[in-house]
Every structure is written in C-alpha cells, then in structure tokens.
Amino acid sequence: GNSVTQTEGPVTLSEEAFLTINCTYTATGYPSLFWYVQYPGEGLQLLLKATKADDKGSNKGFEATYRKETTSFHLEKGSVQVSDSAVYFCALGNSGGSNYKLTFGKGTLLTVNP
Amino acid sequence: DVKVTQSSRYLVKRTGEKVFLECVQDMDHENMFWYRQDPGLGLRLIYFSYDVKMKEKGDIPEGYSVSREKKERFSLILESASTNQTSMYLCASHPLAPKGETQYFGPGTRLLVL
C-alpha cells in the first residue's frame, strides 16, 4: 500500500537558517504529492503541491520538487522565520475521482527561535 | 473563501457517552473525510464519504460510525466513548476532481474522554 516517511522531529532552528524536511514515499502509479502545514491550534492547510514528476511546488518561500527516481519530495526554505514554527506534513494522493484519499506522514514539528 | 467548520473546538465527555462531532463545508464538495491526529502517529483516516448517504471505512473505523444526510454535513459518531478515543479530530472536504486537488481542513475538535 501507499506510505509516506518524513523527517522525524522535532527540528529546532535559529531564525534565517536553512530548512530541509525530508519526505520519501511508496506508491503505485503516479501519485500527487503535497506539503501541508498546521500552525498551533489550527487545522491543516495546503502549503504546496506537485502533480507529476519534476514538478516544483512553491509557496511562501518554501519549495519542493517531485523526484520520481528517488521517490522523494523534500521541503526546503532558504531562510526560516519565527512565524514558520508549525507542524509540517508530507502527503500523497492516490488517484482522482470518488476514490481520492490522502496518505500522510507522521508530521515534523519545526520550532524557529529568534 | 472556502470554509470547513466543526461544531466544537473542545469537548469533554465521560466514558460510555454517545458523542457527535459535526462538520459542515460550504464548497459543494462531494468528498468528506474524518481523521484523528495523535502525537507520533500523524493523521489516520477514520471514515470518508463520496456522496450523500455513501460512506467507506478508512484505516481505523473501529468504535466509530458516520452519517451524511446532506451534502454539506458529515457527522462522526462515537457510539460509546472510551478513553483511547481521546484525540484531535479533523474533518476535511475535497471536490470530485482529477488528482492533485486540495483537501480543505476544518480547525479540529480536541476531544477528552474521562
């Protein structure tokens, strides 16, 4: 079945540091890949996505590239801010239509200190 | 702006009580989902529904049931709450669309079963 493995947290960085959160997946077919973010006390919201190999998703300074050859979708940001402190989830979507479901990783807690 | 709302942000219930968690979306989405979120386990799918009165079991349906009488509303029912159902519950919705479409999440209900 489908599965997602991501960096086990917590991750603690200083402001302006470089961020990488690793995500690898196992899936049949050609899944879509997502990064969701959960700020304290809130639900999940989409950060970025990619729907096919070599696509790059980007938003708010975060980037991730869909690498089919390494089955990876690593999240990066060049300079993190305190406001980026949150839990980050990598997820894959198996197919479209009525059977569409997401499989999530376990989440990575990021804390950015001033 | 898209919106998924959940009836309560916090709930405290006693063991054996019947518990209803309500979720409403205003986006006319066909698919709706219930997840539970636990530290170290990420998000796990309890049930989902792809149409009114239709439902399918997710990965951890035991101890839960669902109801979808109207397209916009999806209810999660704990028939007899137990302490191991203490968790954060997240509702999400998603349109019937090709792959890559985003799931939209509510703010979550934090349930404590005593």
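The values are calculated or read from the model by the stated rules, or taken from the named source; none is laboratory data. Fair warning: this is a prediction, and the values are worked out from it, not measured in the lab. Cβ sites come from the backbone with ideal geometry, for glycine too, and all protein chains shown count toward neighbours.
Side notes on the structure shown:
- Among residues of the range B:1-24 being within 12 Å of chain A (Cβ to nearest Cβ) and surrounded by 14 or more Cβ atoms within 10 Å (Cβ to Cβ), the one that is nearest to B:S93 (Cα to Cα) is B:V4.
- Lone qualifier among B:L111, B:L43, B:L96 - being assigned to a strand (DSSP E or B) and either modelled with pLDDT under 95 or at the interface with chain A (Cβ under 8 Å from one of its Cβ atoms) (or both): B:L43
- Unmet criterion (only one of (1) at pLDDT 95 or above; (2) farther than 26 Å from A:K106 by Cα; (3) surrounded by fewer than 20 Cβ atoms within 10 Å (Cβ to Cβ)) for B:R68: (3)
- Scanning the range A:5-22 for residues that are among the polar types (S, T, N, Q), farther than 10 Å from A:L109 by Cα and out of contact with any Asp or Glu (no Cβ under 6 Å at 6 or more places or on another chain) turns up A:T5, A:Q6, A:S14, A:N22.
- The criterion of at least 2 residues that are out of contact with any Leu (no Cβ under 7 Å at 6 or more places or on another chain) and among the β-branched types (V, I, T) is met by the following strands (runs of 3 or more DSSP E) wholly inside the range A:9-114: A:23-26, A:108-113.
- Among (1) under 13 Å from the mean Cα position of the chain (by Cα); (2) more than 10 Å from chain A (Cβ to nearest Cβ) - the single one B:K70 does not satisfy: (1)
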